[in-house]
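The values are calculated or read from the model by the stated rules, or taken from the named source; none is laboratory data. Since the structure is predicted, the reported quantities are computational estimates derived from the model, not experimental observations. Note: ideal-geometry Cβ built from the backbone for every residue, glycine included; neighbour counts use all protein chains shown.
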Amino acid sequence: MSSQSHQHLMSNQSSPMRRAGFVGTRFAGTDGVSLETTKWEHVFARMGIDSVYFCGVSDHPAASSYIAPHAFFEHPDIMAIQEQCFGAQRRPPELSREIRLITELLKEQLYRFLELLQPDFLVPENALAIPMNIPLGLAITELIAETGIPTLAHHHDFAWERDRFRVNAVADILTAAFPPRLPSIRHAVINLEAQRQLAHQCGLSSVVVPNVFDFAQPAPGVDDYNRDLRSALGIAPEEIMLLQPTRIIARKGIEHTLELASRLHRPGRPVVVVIPHQELDEGDAYAQRVLAYAESLGVRTIVRSDRIALTRGRTGTGEGAKVYSLWDLYLHCDFVSYPSLYEGFGNAFVEAVFFNKPICVNRYSVYREDMEPLGFQVVTMDGYITDEVVREVEQLLGDPAECAKRAETNREIAARNFSYEVLESRLRELLAVLR
């Protein structure tokens with residue numbers, strides 16, 4: 001590290017914090033970490049703080065992004081390392097050398113990031129929590145230890161929360177860097193259980209910063225663009241549109257939504273299930289299983305990744321059919337089903353509240369502890385669909401006035417607890433003690 005760079009870092013620590021340096025494996029697309037990072041960026045901007053990014057993949061402007069290919073968890077070198085680190089309990093010397101080699105490369109690039117984009121403090125986004133990229137976590141930890149740069153580590157999920165990380169050959173590295181114990185780091189977690197476990201597992205204190213939504217803005221309405229969504233997706237006017245706003249992965253509990261649709265189905269009142277996000281990262285077998293199960297229940301299911309995306313657009317080169325956004329789906333659905341078995345927080349639940357929709361939610365652990373006590377008025381299930389759940393959903397589908405009453409109550413609760421204003425308050429609290 002040059003003396004000039006060292007002087008810059010030291011001067012940053014005594015000056016007002018005006019630039020956040022987000023560090024992670026990717027800041028692009030619709031994954032939860034990327035979406036929440038964008039929300040933090042918006043709130044930082046309201047506080048007069050600019051944002052810059054160090055990552056392997058970015059959809060932020062090039063001028064504010066430092067791209068380090070080995071930071072991406074799907075880089076071939078990183079994937080080869082990860083495969084050897086987990087599922088075994090001993091690591092060969094060659095693996096240690098490879099980890100060290102890429103760690104040094106990433107650390108050099110992180111120093112260059114500090115020199116070029118000059119963040120006043122770092123915000124590692126999950127990169128010091130879940131070990132998806134072992135060298136990146138080590139590089140960030142060593143950079144912080146060597147520079148003392150103020151750091152606000154934002155943790156979404158930890159290694160101990162995932163079975164696939166339990167058997168590993170890198171226990172020493174996980175102890176050192178996932179997360180690290182360094183005096184210039186303050187820790188933020190997204191739920192109460194994570195706060196308890198971080199204290200229990202690592203002896204580290206943290207502040208709970210929930211995922212948020214901009215409840216100061218009114219929910220959008222049907223417009224000229226999305227007015228034809230149902231007909232474009234082949235949904236008849238008499239069909240009940242049951243939306244599961246998640247990816248197709250096993251922990252999302254899609255089978256429960258399909259069972260609910262099957263049990264709600266009546267002659268003259270068919271139910272169609274819409275799932276906006278196809279997910280192949282964990283293999284195609286589960287998606288095929290879900291579609292086969294739907295067929296066996298006689299439930300019509302729409303999965304149209306060609307016509308549904310994060311934002312609006314057109315298919316093909318831009319002159320094709322309309323592509324609708326997830327927000328467009330919320331506007332047109334009759335009911336939201338959220339039967340997840342596990343969630344670190346539950347963004348889709350808060351989104352459904354924002355769009356004033358009736359909801360059926362499984363009482364996953366974070367919902368029970370962080371959301372249910374707030375008094376949300378929703379249909380709840382305890383791991384499986386019961387006759388009572390079906391009856392309550394049927395009653396709400398036939399009672400628009402009750403749906404509207406619940407929606408108003410739910411939005412008021414969410415605005416008090418999961419708004420941008422809540423996020424700004426927590427960030428100001430954390431930055432006040434960041435040194």
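Descriptive notes on the structure:
- Residue match in segment 279-299 (condition: closer than 28 Å to ALA407 by Cα, without any contact (Cβ under 8 Å) to a residue 24 or more places away in the chain and not basic (Lys, Arg)): no
- Pick from segment 365-395, criterion touching a strand residue (DSSP E or B) at 6+ places or on another chain (Cβ under 7 Å) and surrounded by fewer than 19 Cβ atoms within 10 Å (Cβ to Cβ), ranking: farthest from VAL271 (Cα to Cα): GLY383
- For segment 278-291, the tally of residues that are at pLDDT 85 or above and under 20 Å from LEU233 (Cα atoms) stands at 3.
- Residue match in segment 134-146 (condition: surrounded by fewer than 21 Cβ atoms within 10 Å (Cβ to Cβ), out of contact with any Asp or Glu (no Cβ under 9 Å at 6 or more places or on another chain), at pLDDT 95 or above and of a type in the set (Val, Ile, Thr)): no
- Selection within segment 212-232 - in a helix (DSSP H, G or I) and surrounded by fewer than 17 Cβ atoms within 10 Å (Cβ to Cβ): SER231, ALA232
- Listing of helices (runs of 4 or more DSSP H) fully contained in segment 324-435 that carry 1 or more residues being basic (Lys, Arg): 387-397, 400-417, 420-432
- Just so you know, in segment 407-435 the residues that are farther than 30 Å from GLY148 by Cα and β-branched (Val, Ile, Thr) include one that is surrounded by the fewest Cβ atoms within 10 Å (Cβ to Cβ), and it is THR409.
- Residues being out of contact with any helix residue (DSSP H, G or I) (no Cβ under 7 Å at 6 or more places or on another chain) and either on the phi > 0 side of the Ramachandran plot or surrounded by 17 or more Cβ atoms within 10 Å (Cβ to Cβ) (or both) - total across segment 159-177: 0
- Of the residues screened, ILE173 is one that is in a helix (DSSP H, G or I) and out of contact with any Asp or Glu (no Cβ under 6 Å at 6 or more places or on another chain).
- Residues (free of Cβ contacts under 8 Å to residues at least 24 places away in the same chain and more than 22 Å from the chain's Cα centre (by Cα)) located in segment 43-68: ALA62, ALA63
- Residue satisfying all of: in segment 309-324; in contact (Cβ under 8 Å) with a residue 40 or more places away in the chain and touching a Ser or Thr at 6+ places or on another chain (Cβ under 9 Å); nearest to ILE275 (Cα to Cα) among these: LEU310
- Scanning segment 70-93 for residues that are in a helix (DSSP H, G or I), touching a helix residue (DSSP H, G or I) at 6+ places or on another chain (Cβ under 9 Å) and loosely packed, with under 14 Cβ neighbours inside 10 Å yields one hit, ALA80.
- Of all residues making up segment 14-42, the number that are within 17 Å of the chain's Cα centre (by Cα) and aliphatic (A, V, I, L, M): 4
- When each of ILE275, ILE235 is tested for being modelled with pLDDT of 95 or more and crowded, with 17+ Cβ neighbours inside 10 Å, the lone residue that passes is ILE235.
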